[in-house]
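Data first, discussion second: the structure below is written as structure tokens.
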Amino acid sequence: MSQRRKFIKQSLMGSALFLPGLSAACAQTNEKTAPAGEKPLILSTWNHGVPANAAGWTKLNESGSILDAVEAGVRDTELDLTNLSVGLQGLPDREGITTLDASIMTGDGSCGSVAFVRQVKHPISLARAVMEKTPHVMLAGEGARQFAIAQGFPMEEEKLSPNAQIEYDKWKVTSEYKPIINIENHDTIGMIGIDANGKLAGSCTTSGLAYKMHGRVGDSPIIGAGLYVDDEVGAATATGLGETIIRICGSFLIVELMRQGRTPQEACEEAVKRLVSKTKNIKDIQAGFLAVNKYGETGAFAVHPGFNFAKATASGNVLIDSNSHFKP
């Protein structure tokens, strides 16, 4: 009897494949339930994200590579002499030395990063060289500098930019370390992108917190903290006080939440809630996250008001003032 029931069930299932209109109906159902997003797309943090997105979009059109795009985009910010939180023109540590961190990642799990780097104009390109030309993920300090020299990266003169020197001289009068929300704390450009075929990549580069202890490394070069990318799910990047982001593995957390079914917005909100629960004196720090899933849906959320980001699509490149923030 059990064999007879099994035969009838299999016969019904097989015959269903030939019912008129069934395949079309299934396809329509899938289309209706598929999330509506935009591809290709590039997201990046803060005001400097607008020119960075423009540079990234140009590169994407030229090469067709989303990896090339996210590298080229933040390279533009690394050269911006008006920016005091990214690149060699950034504000120094307590010793008056500018040190840089960066990471880059693609959706197949390939990644590279550099930390506590001196004299390298484009740490994001050095991070890519680590990813593509070494068996390692991260190089730091003097080892990263030696690798840069071996790869032909020019060593820049170790001298503060004029604007950074002025600010550092002011700071030395009191030598007090008091980060200011949405000013000293947004010490990063994080960029994530998806191409028309659904391939993802991300980049993150910074000169770190102003007047940090010499040797301090933030979240930006740490895969899973400042940046995480997975073609099967999506990508996320972070900005703000790196210590708080490292403690919750913020970008990895967001991608895993999306893997479990959360939207990018829901995942960013949950990550901020987790960060707030693990952070003392939350009123004194800012942190924010950007995310995109494999469908091109996006999310953004921060601890406090003031977080903004840039979004580039085929229809334009706009700065978005995000009012999405944590409310106790």
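Selection of strands (runs of 3 or more DSSP E) fully inside the range 280-328 by the criterion of at least 3 residues being at negative phi and crowded, with 18+ Cβ neighbours inside 10 Å returns 287-293, 298-302, 308-313. What residue, among those in the range 212-271 that are within 19 Å of residue 128 (Cβ to Cβ) and hydrophobic (A, V, I, L, M, F, W, C), is surrounded by the fewest Cβ atoms within 10 Å (Cβ to Cβ)? Residue satisfying both the conditions and the ranking: 217.
Of the residues that sit in the range 80-137 and are acidic (Asp, Glu), in contact (Cβ under 8 Å) with a residue 40 or more places away in the chain and outside any strand (DSSP E or B), which one is nearest to residue 235 (Cα to Cα)? Residue satisfying both the conditions and the ranking: 108.
Only one of (1) at negative phi; (2) at pLDDT 95 or above; (3) more than 15 Å from the chain's Cα centre (by Cα) is not met by residue 35, so which one is it? In the conditions (1) at negative phi; (2) at pLDDT 95 or above; (3) more than 15 Å from the chain's Cα centre (by Cα), residue 35 misses (2) alone.
How many residues does the range 192-209 contain that are outside any strand (DSSP E or B) and either buried (at least 24 other Cβ atoms within 10 Å of the Cβ) or modelled with pLDDT of 95 or more (or both)? Residues meeting the conditions: 7.
Taken as a whole, the condition of being among the aliphatic types (A, V, I, L, M), touching a helix residue (DSSP H, G or I) at 6+ places or on another chain (Cβ under 8 Å) and crowded, with 23+ Cβ neighbours inside 10 Å does not apply to residue 276. Checked against (1) modelled with pLDDT under 95; (2) over 15 Å from the mean Cα position of the chain (by Cα), residue 278 passes all but a single condition, namely (1).
Does residue 243 qualify as being touching a helix residue (DSSP H, G or I) at 6+ places or on another chain (Cβ under 9 Å) and charged (D, E, K, R)? It is false that residue 243 is touching a helix residue (DSSP H, G or I) at 6+ places or on another chain (Cβ under 9 Å) and charged (D, E, K, R).
The values are calculated or read from the model by the stated rules, or taken from the named source; none is laboratory data. Keep in mind the model is a prediction, meaning the values are calculated, not measured. Using ideal geometry, Cβ is built from the backbone for each residue, glycine included, and neighbour counts are taken over all protein chains shown.
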